[in-house]
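Take a look at the structure set out below.
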Protein chains: 6
Amino acid sequence: MKALSSDADQAADPVVVKLSGRLLSPPRAAYLRALRDSLLRASALRPIAVVAGGGPLSREYISALRELGVPEALLDVMGINAARLNALCLSLALYPRAPPRALATLEEAAEALARGFIPVMGGLQPGQSTNAVALSLAEAVGAKLVINALAGVEGVYDGPPGSEGSRLLERVSYEEMEALVAKNPQVAGAYELMDHVALSIARRSSIRVLFVNGEEPALIERAIRGERVVGTLLG
Amino acid sequence: MKALSSDADQAADPVVVKLSGRLLSPPRAAYLRALRDSLLRASALRPIAVVAGGGPLSREYISALRELGVPEALLDVMGINAARLNALCLSLALYPRAPPRALATLEEAAEALARGFIPVMGGLQPGQSTNAVALSLAEAVGAKLVINALAGVEGVYDGPPGSEGSRLLERVSYEEMEALVAKNPQVAGAYELMDHVALSIARRSSIRVLFVNGEEPALIERAIRGERVVGTLLG
Amino acid sequence: MKALSSDADQAADPVVVKLSGRLLSPPRAAYLRALRDSLLRASALRPIAVVAGGGPLSREYISALRELGVPEALLDVMGINAARLNALCLSLALYPRAPPRALATLEEAAEALARGFIPVMGGLQPGQSTNAVALSLAEAVGAKLVINALAGVEGVYDGPPGSEGSRLLERVSYEEMEALVAKNPQVAGAYELMDHVALSIARRSSIRVLFVNGEEPALIERAIRGERVVGTLLG
Amino acid sequence: MKALSSDADQAADPVVVKLSGRLLSPPRAAYLRALRDSLLRASALRPIAVVAGGGPLSREYISALRELGVPEALLDVMGINAARLNALCLSLALYPRAPPRALATLEEAAEALARGFIPVMGGLQPGQSTNAVALSLAEAVGAKLVINALAGVEGVYDGPPGSEGSRLLERVSYEEMEALVAKNPQVAGAYELMDHVALSIARRSSIRVLFVNGEEPALIERAIRGERVVGTLLG
Amino acid sequence: MKALSSDADQAADPVVVKLSGRLLSPPRAAYLRALRDSLLRASALRPIAVVAGGGPLSREYISALRELGVPEALLDVMGINAARLNALCLSLALYPRAPPRALATLEEAAEALARGFIPVMGGLQPGQSTNAVALSLAEAVGAKLVINALAGVEGVYDGPPGSEGSRLLERVSYEEMEALVAKNPQVAGAYELMDHVALSIARRSSIRVLFVNGEEPALIERAIRGERVVGTLLG
Amino acid sequence: MKALSSDADQAADPVVVKLSGRLLSPPRAAYLRALRDSLLRASALRPIAVVAGGGPLSREYISALRELGVPEALLDVMGINAARLNALCLSLALYPRAPPRALATLEEAAEALARGFIPVMGGLQPGQSTNAVALSLAEAVGAKLVINALAGVEGVYDGPPGSEGSRLLERVSYEEMEALVAKNPQVAGAYELMDHVALSIARRSSIRVLFVNGEEPALIERAIRGERVVGTLLG
């Protein structure tokens, strides 16, 4: 985990925090409070941008509309807006450090970050996961690290998380992740590690992704500070 | 209920349908399908605009943020956007008869209606219920009738709905409604009949409001057609 | 007036200044210059947001359109935009301390304030007075004080202002104000003290409202600084 | 005036009506009603787009701000928005045949016209009169005729209107108008015939401009129909 | 090619036309005229939406900025806007049948199509090719066919186009295309057939893609009409 | 050239840099890098706003559409957007010191400047050159100097640049420039010095324009610093 500590040296680099939608929906006051406090403290050290997933909220609206035969691209529109509702919720908790709305384009998120805000985004466009949004945003603002806060697991495992013999991986290369995602799609499905687009952006711009257990905001805070934390480092 | 049938005579008048958020959140495919089909059939007869409430979705996000001390006006922003998510869901089900997005101002909803669409709105502004939105929209587009689709009750009662001796009212005047709302706030709270702003708009522009059980879209459809249905007519 | 001086202690709190439309329309250069200078000086002490009323400009356009049978909700759209013209005028006078446009949502006004600007708003939405806008904005940005600058009167009186025996009230509670507005609607009409929505926001969030004579910008400036001034304190 | 009657033959061509701001501000209900009725009747024959001037409303806000030293380009912003208030007023009177807002770009006005609406614009950009807006819009939508409705005069005169010996000109060429405007700037100032930009657009695209007395909406209506009316034809 | 003729039977289905950026940039008047005329004629038969690529224009701006070290996600922003310039050019040629602007979201393109326009889009979001935009749009509006107009080749070949022994394929399955793209990336690069995202949308929604030589607008027109044309049918 | 050095004294005044479109289109990496570095260094001294012309990019799209009979006002829309593409390119090079988009109104450019950004604009509105945009922007933000960076010439000459006997003018008055532009329109056409609207804004607000050879960004930088450079000073 040596690479990570070098992050501490360049503490002024921006960092992007991707939050699993399951951390935010349904909303829990205690969690939101701890998350807000951690992000506010950490934002004194380096610029932070946040991307919220849609989670169960997204899935229940999409699932209902799919039964009606609504086309997939419009289901994506639904999911994007569900993720934006989670993003709005977090931005209201962070106001006045965040603009009190879900930012809807990379350009305005990059602009808000340049003004000293903590921009919060949800989904962007049909066909793109919020993981890909996080990597695109990191690329746009020059972040070399994305912290991917998962719900209920501590990082990437070499097997189904929780099953006997599954071991948390401390570090994986882009190639290993690609193989993991390709070979074990059910694993990917289980905790939404990464999709193909996100992975290819990470690789082309050498952006590292640190997977951590997002249920503990203190862990996210320490990761932002560049401390060594339990999790998996990709890249 | 004579007044209602006269609506049939002027079938080209637009009508506004207000849907309780509890009908839409969490979303149910079977209900959405029946609602969509009813609205599409009825829209052949007269122009229809729809306003969706935020319901439980709105309440759970607001409640979490309130615990964090987020100010009430920003909680309203949260609720407005939750109602817009419900509106988006319905607009996607209605597409291409509805623009595939939640309309965010009276002006654009009025414009979409004038173009032959079925506009769907959510919340508008802090301090305003979606009931008030429905009445404002009705006023703006010249609708003389708002159909207020309730969740689980058949209209306005002279006591707590479901309790012994409570009787469904067939017709109430604006004055009687004002008294009901003022005297029995808990009743109002129970099924969100009306708020003060909505009521005053209804009165100043002589807009009638028909409360019906929204769980049966066929009932909404018949009400749009101007048929006599079980419910309560205000005005 | 002890409560007010405690404001001086927490001088970094934002304050919202509501300006009667009659102060701004028709526009007077000398008044605008004095107002601009006072606001700029006072803004060195604490963040300021401004809400402009529509005044006579609003009334003359609305009155003409009402004769044509334009619906009330669209008349409100007219009034909102008239108030925004007054807001634009003031924002141009304040540029570059204010963004050179009338801000149209609470969210963007809150964002501009967080960036160090003096945001200026006009009306927001049908059914809402600019008094309600001022209270909503105060609530959104965490202001505990709204300065309500009246045209030609020095505050709230216990009778028609100017008539024999009418006495300026130094302090009124929310309950007393509610009674005043309810009992003497003609008084309320006379100098637009407050409407029901504005009052209920003030009460739920314990926001005090200081009514002063807006014809003297120096008075507004001193009130922003937390000094004791002639006027009426609500709350 | 033969050229004009040939317009009747190509009745489906769009026409742009430019209204002097003095016709609209301060607003007069009787005038607005007659204007609305004339425009609605005439719009059955050919597509109509409208451009409203700022008039006295524009001038009084600009004059006050100029005394404060606000730069000219921002004064233009003020004037543009004053003209838009007049445009909004007319669009509300025309709703639902007009979108209920002042259109702010040529592109959206052209789009609204293509949808069958009567778009109403105010000012566009600093440095451009509403006469130039009218000619630009005519050019964009392929209108070969602009009806320039003046306040209180019947067209273009060979001297100061109203003075002895001044004669209404039935027809002027682009060259003659240029000479008139250049030689008698005070005449141009007197009733805002044209500016250099507007004139050069008219010439490059062979758009004729018919100056009429806008105080009589029936005259505007007849001119739209291609009838011979009192006035001056440019081009 | 039997499947294609069945398209003729359901002529009211919308169709999406994807134009290679190389057909549009640099712009050629004769080509644009022929394309416009073909699209206008064909649009009488069925609703048409268009997506324009960025082509050489996109590549030259991106290439210059890449040398400056501008991050890839912002290079995508550059490419998106270059494609939108091509889209604007075509939309101006099609006006008033197209809104005179490049549409920037699926939602507004879908809305414009539902209003009877020919919407023209460019790029959408970082990380997404205009091929993926075309497939997303097709999915959103319920189009079962995308016509992919290539520059200089007649469809998909089983080897490098133009080289000895390379044969035009009449039909390829989704699986075969996936293999082609994966095995011969240089082929894909050569004439931008498809990317992974576009292909997966085509497959999940059973949208067929017909590759034709876009240099002949008459061919595009015949393909829209459902006629048998030289080219390659995917799906 | 005494007047210029006095600029150094008031170094905090904003300055507007107008870049000929020929400097930016087609884009050249080396030039963009040098320009970016010069602007970033100079922006430490005083606020800078930039306006980019459309250049050859604009002309080729306009020329193609003109052959199709697209009206002049829509050709202007094309040119405005071509200039915005150049503006976007430069803003991406300058990010995060510039918002990563072409600003589309004077108001937002003025607001961005007030926030400490380097706003970059392209065209504004039909009928207006980017020279006029630069002067309007200067007027709006209170800049007393516009640096007009030309492509391939060093300033204003008393004859066709490059021809025998043509001499670079060190200083010209507004009156002399007006005569130059009027008498030698072909000269003006040759290197787009100024148009009538731009000149009249410069004169009414006493804004000086310094024409320099934009091919050398170091020259632009020195001019921004208020140093004496080769070129022509207007005003």
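The values are calculated or read from the model by the stated rules, or taken from the named source; none is laboratory data. The shown structure was predicted, so the numbers you read here are calculated from the model rather than taken from an experiment. Positions of Cβ are backbone-derived with ideal geometry, glycine not excepted, and every protein chain shown enters the neighbour counts.
Of the residues making up region B:33-60, those that are closer than 15 Å to B:THR130 by Cβ and either free of Cβ contacts under 8 Å to residues at least 24 places away in the same chain or not in a helix (DSSP H, G or I) (or both) are B:ALA49, B:VAL50, B:VAL51, B:ALA52, B:GLY53, B:GLY54, B:ARG59.
Limited to region E:103-145, what total is found for residues that are among the hydrophobic types (A, V, I, L, M, F, W, C) and in a loop (DSSP other than H, G, I, E, B)? If you could, list the steps in order and put the result at the bottom.
Going through region E:103-145, the residues among the hydrophobic types (A, V, I, L, M, F, W, C) turn out to be E:103-104, E:106, E:109-110, E:112-114, E:117-118, E:120-121, E:124, E:132-135, E:137-138, E:140-141, E:143, E:145.
Within this subset, residues satisfying the condition of being in a loop (DSSP other than H, G, I, E, B) are E:104, E:117-118, E:124, E:143.
Final tally of qualifying residues: 5.
For region A:93-111, a residue qualifies if it is more than 7 Å from every other protein chain (Cβ to nearest Cβ) and either in contact (Cβ under 8 Å) with a residue 60 or more places away in the chain or not charged (D, E, K, R) (or both), and the qualifying residues are A:LEU94, A:ALA98, A:ALA102, A:LEU103, A:ALA104, A:THR105, A:ALA109. Here F:GLU154 does not qualify as modelled with pLDDT under 95, under 30 Å from A:VAL141 (Cα atoms), more than 10 Å from chain D (Cβ to nearest Cβ) and out of contact with any His (no Cβ under 9 Å at 6 or more places or on another chain).
Against the list (1) buried (at least 18 other Cβ atoms within 10 Å of the Cβ); (2) on the phi < 0 side of the Ramachandran plot, the condition D:ARG167 fails is (1). When the criteria are applied in full, F:LEU180 fails the requirement of being at pLDDT 90 or above and assigned to a helix (DSSP H, G or I). Among the residues of region D:1-21, the ones that are modelled with pLDDT under 95 and either among the charged types (D, E, K, R) or surrounded by fewer than 16 Cβ atoms within 10 Å (Cβ to Cβ) (or both) come to 12 in all. Only a single criterion out of (1) assigned to a loop (DSSP other than H, G, I, E, B); (2) out of contact with any strand residue (DSSP E or B) (no Cβ under 6 Å at 6 or more places or on another chain); (3) among the acidic types (Asp, Glu) is not satisfied by A:GLU154, namely (2).
Results for (1) touching a strand residue (DSSP E or B) at 6+ places or on another chain (Cβ under 8 Å); (2) free of Cβ contacts under 8 Å to residues at least 24 places away in the same chain; (3) more than 23 Å from C:SER38 (Cα to Cα), shown as yes or no for each residue.
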| position | (1), (2), (3) |
| --- | --- |
| C:SER129 | no, no, yes |
| C:VAL133 | yes, no, no |
| C:ASN148 | yes, no, no |
| C:PRO161 | no, no, yes |
| C:GLY165 | no, yes, yes |
| C:VAL172 | yes, no, yes |
| C:GLU178 | no, yes, yes |
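Going by the structure shown, is B:ALA49 farther than 30 Å from C:ALA138 by Cα, at pLDDT 95 or above and within 13 Å of chain A (Cβ to nearest Cβ)? Explain how you work it out, then say what you get.
On the way: farther than 30 Å from C:ALA138 by Cα: yes; at pLDDT 95 or above: yes; within 13 Å of chain A (Cβ to nearest Cβ): no.
For B:ALA49, the condition - farther than 30 Å from C:ALA138 by Cα, at pLDDT 95 or above and within 13 Å of chain A (Cβ to nearest Cβ) - is not met.
Does region F:208-218 contain any residue that is surrounded by fewer than 17 Cβ atoms within 10 Å (Cβ to Cβ), part of a helix (DSSP H, G or I) and either in contact with a His (Cβ under 8 Å, 6 or more places away or on another chain) or touching a residue at least 40 places away in the same chain (Cβ under 8 Å) (or both)? Yes.
Taken over region E:112-130, the criterion of being more than 15 Å from the chain's Cα centre (by Cα), of a type outside the set (Lys, Arg) and either within 14 Å of chain B (Cβ to nearest Cβ) or farther than 18 Å from E:ILE201 by Cβ (or both) is satisfied by E:ALA112, E:LEU113, E:ALA114, E:GLY116, E:PHE117.
The residues of region B:54-76 that are at the interface with another protein chain (Cβ under 7 Å from one of its Cβ atoms), closer than 15 Å to A:ALA82 by Cα and crowded, with 23+ Cβ neighbours inside 10 Å amount to a single one, B:TYR61. Looking only at residues in region E:20-42 that are away from chain F (no Cβ under 12 Å) and of a type in the set (D, E, K, R), which one is farthest from E:LEU150 (Cα to Cα)? Looking at residues that are away from chain F (no Cβ under 12 Å) and of a type in the set (D, E, K, R), I get E:ARG41. Within region A:148-163, the set of residues being touching a Lys or Arg at 6+ places or on another chain (Cβ under 8 Å), farther than 11 Å from A:SER20 by Cα and among the hydrophobic types (A, V, I, L, M, F, W, C) is empty.
Going through F:VAL172, F:VAL133, F:VAL141, F:VAL146 one at a time, which residue ends up being on the phi < 0 side of the Ramachandran plot, within 14 Å of chain D (Cβ to nearest Cβ), more than 14 Å from the chain's Cα centre (by Cα) and modelled with pLDDT of 85 or more? Answer to the check: F:VAL141.
Selection within region D:95-111: residues that are of a type outside the set (Gly, Ala, Ser) and under 17 Å from the mean Cα position of the chain (by Cα). The member of this set that is surrounded by the most Cβ atoms within 10 Å (Cβ to Cβ) is D:LEU103. Yes or no: region F:77-92 includes at least one residue that is assigned to a helix (DSSP H, G or I), away from chain E (no Cβ under 12 Å), farther than 26 Å from A:ALA138 by Cα and not aliphatic (A, V, I, L, M). Looking through region F:77-92, none of the residues is assigned to a helix (DSSP H, G or I), away from chain E (no Cβ under 12 Å), farther than 26 Å from A:ALA138 by Cα and not aliphatic (A, V, I, L, M). Answer with yes or no whether A:ARG28 is modelled with pLDDT of 95 or more and surrounded by fewer than 24 Cβ atoms within 10 Å (Cβ to Cβ). Spelling it out, A:ARG28 is indeed modelled with pLDDT of 95 or more and surrounded by fewer than 24 Cβ atoms within 10 Å (Cβ to Cβ).
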